[in-house]
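Single-structure report; data block below.
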Amino acid sequence: MADEQVLSRLLIVRHGESVAMAEGIVGGPKGCRGLTELGRAQAAALRDRFAAGREPEVQVVYSSPLPRARETTEIVLPALGPDGERGRLEIQLHDDLEEMRLGPADGMTWEAAREHFGFIQPMDQPYTPVLEGAESRAGFRHRVAQALNDIAAAHPGKTVFMGCHGGISSAAMAMAFGIAPSQRGVGVVTAVTAITELELLEWNGRRLWQVRRFNDAAHLAAVEAV
């Protein structure tokens, strides 16, 4: 469209299978211990996909600081960047790309956390922390939306790779479609190492998010199914 201009592009990528996932651990800063061997193979398949040159050329790389996201990003990094400069981009850590923060449940098994805290709050209480000392669903959504908008604004005209989490992809979709935290019956699940692509557009004098694709994990066909 003649009146449409792409201001920036975000490639939001979930991490590979993590040790926390495999062991049923709440994987915050204490509970996250990086990727499993399968998770590293999944990240390598994503790296090979970018190396084949069929993905947008990446100019900027961000990562959640949690080990599973950072390790995934580090594995993919050699395939990112303009031709002749691949692997030379630096990873910028961004705290607000972390998964939902569950406070005192971090590091516990999910089973033990549910028994001890009795979370999660019902969907009709999106502004109530899911447990004392944790985030609310609405607070998490707001944090993610602010981070995505800030990153897009900081890198006009660039394609940004973001190694992060399934919750970030879900919150990004909610932001793009204007889904309220209290809206029931709406949920998305993201595959490990899947790509969700959003563009920030200027269209007829307005700025809006456009979803180009969601949960693109075609590269996993080369890896053992999970």
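A few remarks follow.
- Residue check for D95: open to solvent by 80 Å² or more (accessible area, probe 1.4 Å) and closer than 22 Å to L148 by Cβ: yes
- Tally, over the stretch 1-20, of residues that are open to solvent by 10 Å² or more (accessible area, probe 1.4 Å) and either under 13 Å from G167 (Cβ atoms) or modelled with pLDDT under 95 (or both): 8
- Qualifying residues in the stretch 113-163 (those that are buried (at least 16 other Cβ atoms within 10 Å of the Cβ), among the charged types (D, E, K, R) and over 24 Å from R86 (Cα atoms)) - the one modelled with the lowest pLDDT: R137
- Residue satisfying all of: in the stretch 193-218; assigned to a loop (DSSP other than H, G, I, E, B) and not hydrophobic (A, V, I, L, M, F, W, C); surrounded by the fewest Cβ atoms within 10 Å (Cβ to Cβ) among these: G205
- The condition (being without any contact (Cβ under 8 Å) to a residue 24 or more places away in the chain, of a type outside the set (S, T, Y) and not in a loop (DSSP other than H, G, I, E, B)) is satisfied by just one residue among A45, A41, A22, A69: A22.
The values are calculated or read from the model by the stated rules, or taken from the named source; none is laboratory data. These numbers come from a predicted model, not from an experiment. Counting neighbours? That spans all protein chains shown, and the Cβs are built from the backbone with ideal geometry, glycine included. Surface accessibility is based on the protein's heavy atoms, side chains included, excluding ligands, DNA and RNA. Shrake-Rupley method; radii C 1.70, N 1.55, O 1.52, S 1.80 Å.
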